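**Student:** First the structure, then my questions, so here it is.
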Amino acid sequence: MTLQALLVVAAALFGVGLYGALSQQVVVMVMMGLELMLNGVVLAAAAMWWFLAPDPTGQVLILVVVAAMTVEMAMGFAVATLLHRSRSADMTDMATDLSR
Amino acid sequence: MTVLADVVFWVLAVIAVVAGAWVFRFDSMARATYALAVSFVAVGLALLLVDLDYVGMVVVLMMVMEMAVMAVYMIMFMGMNPALMPMSMVHDNRKAVVAAVAGFVLLGGGALLVPWPVRRGVPAPDGTAALGEALMGSKMLVMMAVSPVMVATIVAGIAIAAPRGRYDRLGDDLDRGRADDPQPGGVGR
């Protein structure tokens with residue numbers, strides 16, 4: 001188990017998540033892609049912490065990333081609920097006007 | 001011990017990546033959710049291998065609960081059979097694959113080619129205690145920032161997702177004398 005090995009696995013997770021975030025049409029599946037990307041970020045941050053500078057600052061940074069994941073999911077669910085309620089939409093293609 | 005840790009790490013790494021990939025291959029959104037939970041659990045357990053006991057357990061517990069909520073959410077709102085429903089709901093699949101592969105090659109190549117510096121310092125004997133002391137001491141500002149963000153998230157989530165807000169109850173100008181509720185409450189005065 002080396003720094004490079006952990007970072008390559010993290011890159012693979014990030015790549016898979018990026019594919020999901022870009023390709024999926026269902027809002028919740030897009031959120032799953034974003035979660036996978038952040039999963040890779042958490043693993044990469046843990047690798048950096050352990051192999052480069054194992055002081056508490058790195059752990060605090062990882063906790064911030066985990067908190068960001070929580071906020072992303074909570075707000076994503078809330079927006080998806082509102083979309084479903086207001087226009088029965090669960091696909092990103094049905095809400096493209098929100099990007100304007 | 002090192003060999004055992006290596007074996008466990010690679011098993012967890014394969015599980016994390018393969019389960020992550022299956023998230024977008026399953027024909028059932030409920031199963032996709034479970035696959036994502038498996039991926040998170042594998043990463044959480046991998047964190048335990050680098051002595052991130054607290055963070056690893058937080059990731060495992062939080063993500064298992066989060067995926068449970070997500071499964072319930074999808075079954076409630078998506079109107080899909082959570083067991084088996086063939087689906088292929090993608091757009092720009094080719095571009096997404098190219099972007100994902102390019103991202104992996106860029107990040108993975110960087111990880112392998114960058115001359116990483118040597119480790120500075122040693123981990124604290126009790127990493128969890130060190131993290132707690134940091135959060136309650138020199139890194140208190142982080143907790144002070146994250147806490148209101150979490151509260152704001154709760155308030156904003158409820159405000160966005162609530163079916164009826166104060167404007168529905170009291171009118172656009174909030175000047176309706178009596179709230180327009182489907183089930184009137186109070187004592188009738």
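Any read-out appearing in this document is the output of simple, stated calculations on the displayed coordinates, not a laboratory observation. None of these values were measured; they are calculated from a predicted model. Glycine also receives a Cβ, built like all others from the backbone with ideal geometry; neighbour counts cover every protein chain displayed.
**Student:** As I understand it, the dipole of region B:130-175 uses +1 on the Cβ of Lys and Arg and -1 on the Cβ of Asp and Glu, about the Cα centre. Which of B:156, B:174, B:140 lies farthest toward its positive end?
**Tutor:** B:140
**Student:** Return the FRET efficiency for the residue pair residue B:94, residue B:179: r is the Cβ-Cβ distance, R0 is 45 Å, and the value is rounded to the nearest 0.05.
**Tutor:** Numbers: r = 53 Å, r/R0 = 1.18.
The pair residue B:94/residue B:179 has a calculated efficiency of 0.25.
**Student:** With unit charges on the beta carbon (Lys/Arg positive, Asp/Glu negative), name the residue among B:105, B:128, B:46 whose Cα is farthest towards the positive pole of the charge dipole of chain B.
**Tutor:** My answer, from the dipole projection, is B:105.
**Student:** Turning to a different aspect of this structure: If you build a Gaussian network model of chain B, linking Cα atoms that sit under 10 Å apart, which residue out of B:168, B:27, B:53 swings the most?
**Tutor:** Sorting by GNM fluctuation, first place goes to B:168.
**Student:** I've got another one for you. Taking 25 Å as R0, compute the FRET efficiency from the Cβ-Cβ separation of residue B:149 and residue A:82 and round it to 0.05.
**Tutor:** Efficiency for this residue pair is about 0.80.
**Student:** Principal axes first, then extents: for the Cα atoms of chain B, list largest minus smallest coordinate on each axis, whole Å, largest first.
**Tutor:** Answer, in whole Å and largest first: 75, 51, 28 Å.
**Student:** May I pose another question? Note down the nm distance, to one decimal, between modelled labels 7 Å out along Cα→Cβ at residue A:93 and at residue B:169.
**Tutor:** 4.0 nm
**Student:** For chain A, what does the convex hull of the Cα positions come to per residue, in cubic angstrom?
**Tutor:** Details: hull volume 9.3 nm³, N = 100.
It is 93 Å³ per residue.
**Student:** Also, quick follow-up: Could you identify which residue out of B:49, B:174, B:141 has the top mean-square fluctuation in a GNM of chain B using Cα springs shorter than 10 Å?
**Tutor:** Of B:49, B:174, B:141, the Gaussian network model singles out B:174 as fluctuating most.
**Student:** Please check: in the Gaussian network model of chain A (C-alpha springs, under 10 Å), which one of A:18, A:43, A:52 has the largest mean-square fluctuation.
**Tutor:** Largest GNM mean-square fluctuation: A:52.
**Student:** Moving on. Considering region B:130-175, what Rg and Dmax in Å follow from its alpha-carbon atoms?
**Tutor:** Reported Rg and Dmax, both Å: 17.8, 54.
**Student:** Looking only at other chains, what is the average number of their beta-carbon atoms within 10 angstrom of each beta-carbon in B:51-61?
**Tutor:** On the way: counts 5, 9, 0, 3, 11, 3, 0, 3, 8, 0, 0.
Averaged over the peptide's residues, the number is 4.
**Student:** As a check on your grasp of the helix formula, calculate [θ] at 222 nm for the protein assembly as shown: sum -39500 (n - 2.57) over DSSP H runs of n ≥ 4, divide by the residue count, round to the nearest 500. Display every interim value, and only then the final one.
**Tutor:** Values: 10 runs with 202 residues, N = 289.
Helix contribution divided over all residues of the protein assembly as shown: -24000 deg cm²/dmol.
**Student:** For the protein assembly as shown, what class follows from the C-alpha gyration tensor (a ≥ b ≥ c being the square roots of its eigenvalues): rounded when a/c is under 1.5, otherwise prolate if a/b is larger than b/c, else oblate? Please list the in-between numbers first.
**Tutor:** Working: a/c = 2.39, a/b = 1.49, b/c = 1.60.
It comes out oblate by the Cα gyration axes.
**Student:** Please give the net charge around residue A:32, taking every other residue with its beta carbon less than 14 angstrom from that of residue A:32, where Lys and Arg add +1 and Asp and Glu add -1. Show your work: numbers first, answer last.
**Tutor:** Working: positive: B:25, B:31; negative: A:35, A:72, A:90, B:66.
Here the charged neighbours net out to -2.
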